[in-house]
Every structure is written in structure tokens, then in C-alpha cells.
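To keep things clear, I will list the structure first and then write my remarks on it.
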Amino acid sequence: MILVIGGPTSSGKSSLAFYLSKELNGEIISLDGSQVYREMRVGSGVEESEIPQHLVEIFNPNESVDPAKVVNLARQSLEQIQRRGKTPIIVAGSTLYLTLFLHGLAEIPGASHKLREEWKNRSTESLFQELKDYDPEINLSKNDRHRIERALEVKLMTGRSIREFQEGHSFRSNLPGVRMVCIWWNRQQLYKRIEERCERMLSSGLLDEVKALISKYGSDYPAMKSIGYKGFSEVLLERKSLEEGTKEFIQETRQYAKRQMTYWKNEPKKRGWVVEPTSGVTRGDEVTLNRGPKAKGVFVYELKKEELLEKILQTGENHLLNVAGEVL
């Protein structure tokens, strides 16, 4: 069995993964865009555990990290864990890394270091507008710089939209035995958890961590574009106030969580995953009065951890169990 733990940031993926790892004799593979970097422990949310964690703190912050390299390392860790007779438990912070991990890489040209270097001083907004000029049908968040750069360089290098390459790629899982669990909170509960988590990071020394990174590497390198690091580097460089940086940190984290929630709502239909439950209570979006009494979101199981463990063991391949955050 390969177990994937998904859900938005601050939903409790790591806590659940640690518990399940102990119960299933497992080891954790972290698929997270920030935790792969060293010296960013506070802001990336790395947690100490006696459970082995793979792909955590493996790159220097000033290294440019190719998703294909991360995925290949994750596959290697997967094979090593399985050879030891243990259960691989994937904590899916990055939905991009998870998609590539589960379904393999489409035959798309590699990254262009020349183009990436030319774009270092350009705003995400200007890159997004250039991409839309070339490919009006592209459907990406205007704030997702990594995907914007990737789509733009593919278009410039090949003359073809990245969508053409992706549509020609089969996204059926090529890993046997995959089962998935996604954690859901009502949005207002999740936003409160995000705010509390951001405040904990600040009280745990996030500003000192950013200051040390700037002192050692400067402020212009890939990892510094991560949520929190870019904003607080501008605070330390006196380009904005601490209050502005904190508000931006919380807001960007909320926006990121919203994108993750969209993935876990929509992806099952695209991938042919079997989703459980199909009725019952919901978690996800809050309902405002002018939208009527029908709740939005997804149906979830309301379970204790021990009940969830039993259900996982009974679950079939390529099944997704949506569970209420109260499972924690």
C-alpha cells in the first residue's frame, strides 16, 4: 500500500501522517515545495519526529529546484521504503509534485536556465500577462509564479502550449496500491488555523530565520519566493512594515490553501479516483445567508483516528477518503 495524505495547508496533514506511520510501520515522503530546502525549518513547517522523513531539507536555499528532480528522488525513496517492508506515507503539500509523483512526467522539454535568469527581476504579473498573450486559453492562477514560468518557457522553446503536452499524457496512476486521505475543515475554521499557524511561526523565530538567509545568500534566489519569506525579506529591507508583511503572509497562505482545496475537490473527477463518502455531512466552504441553506464543499467521514485507520485498511486502490479535520 502507498498512502497519500492530502488537504490544504494547516489542515493537519503532518500530525495525521505521524500517527498513521506509527500504526502502519511507515516512513514519510514529504512532497512540499518549501520543506525541500535547508535552513527554512520555521517557515516551511518542518516538524521533528522519530518517524523517518524523506525529501526534507535536501537542497540549499539558493539552488534552483526542478520538479522532475524532486519527483525522481521521491520515487527512489518510495522504492527504498518498500524494500524495507515498510509503508510509504506521502504528505502532499505540493499538488504539482503529487501529480507528477502519481502519474509520471509528460514529455516536456526541460527548464531553460537562460530564460529563468532573464526573468529574475520581472514581476509575476508581467510574466502572467505575457503568457496570456501567447496562450489565452491557459488556466493558471495569476499568482502561481512557478507554473507561469514553466508554461511560458515551454511556449517560447517549442511554440506549443504546455496544455498540448499535458493533454497527450495519460494521467492514470502508474503506481499500484495507492490510497488517499484528504483532510477537510470548514473554511472559517481553516482560516483560523492558518492565522494561528502564521502567528506561531513568527513567535518561533521566522523573522530571524529570514534575516539569517538574507545575510548568507542575499534576497534574490528561488527559495525566497516562498510564502512568507518574500514578504518578510521586504520587511527586513524596510520596504514594508511588519504589520503589512504579517497581513500579506496570512493572506497568501489563505490563497494557497484555497488553491489546494480546489485541487482536492476537482482532481478526483479528472483522475477517475473513487471518492468516499458520497453523502452525509459536508466540510469546505462556509454558506452565506444569501446563498440559501444548501451547504457547499465535499462530503466527509466524521471519524476518530482509530476508525480512520480501520477504514484505510479496508479501502481499495485509487480510492480517496475525505475526512473531517476533527479526526485529529
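Assorted remarks:
- Residue check, Glu130 of a type in the set (Asp, Glu), out of contact with any Pro (no Cβ under 8 Å at 6 or more places or on another chain) and surrounded by fewer than 20 Cβ atoms within 10 Å (Cβ to Cβ): yes
- Complete set of residues in the range 5-27 that are more than 22 Å from Thr253 (Cβ to Cβ) and either in contact with a Gly (Cβ under 7 Å, 6 or more places away or on another chain) or of a type outside the set (S, T, N, Q) (or both): Tyr19, Leu20, Lys22, Glu23, Leu24, Gly26, Glu27
- Listed by position, the strands (runs of 3 or more DSSP E) contained in the range 1-94 that have at least 1 residues being under 18 Å from Pro222 (Cα atoms), among the aliphatic types (A, V, I, L, M) and assigned by TED's automatic domain parsing to the domain that holds Asp285 are 26-31.
- The listed residues are Tyr229, Tyr263, Tyr221, and the only one of them that is in the same structural domain as Gly93 (by TED's automatic domain parsing) and surrounded by 12 or more Cβ atoms within 10 Å (Cβ to Cβ) turns out to be Tyr263.
- Selection count, the range 106-127, where residues are assigned to a loop (DSSP other than H, G, I, E, B) and exposed (fewer than 14 other Cβ atoms within 10 Å of the Cβ): 7
- Tally of residues being free of Cβ contacts under 8 Å to residues at least 40 places away in the same chain and more than 27 Å from Lys192 (Cβ to Cβ) across the range 260-286: 3
- Scanning the range 64-91 for residues that are under 16 Å from Gly110 (Cβ atoms) and of a type in the set (S, T, N, Q) yields Ser64, Asn72.
- Yes/no for Lys269 being farther than 16 Å from Ser141 by Cα and out of contact with any Leu (no Cβ under 7 Å at 6 or more places or on another chain): yes
The values are calculated or read from the model by the stated rules, or taken from the named source; none is laboratory data. What you see is a predicted model, and the numbers here were worked out from it, not measured in a lab. Reconstructed Cβ throughout: ideal geometry from the backbone, glycine too, with neighbour counts over all protein chains shown.
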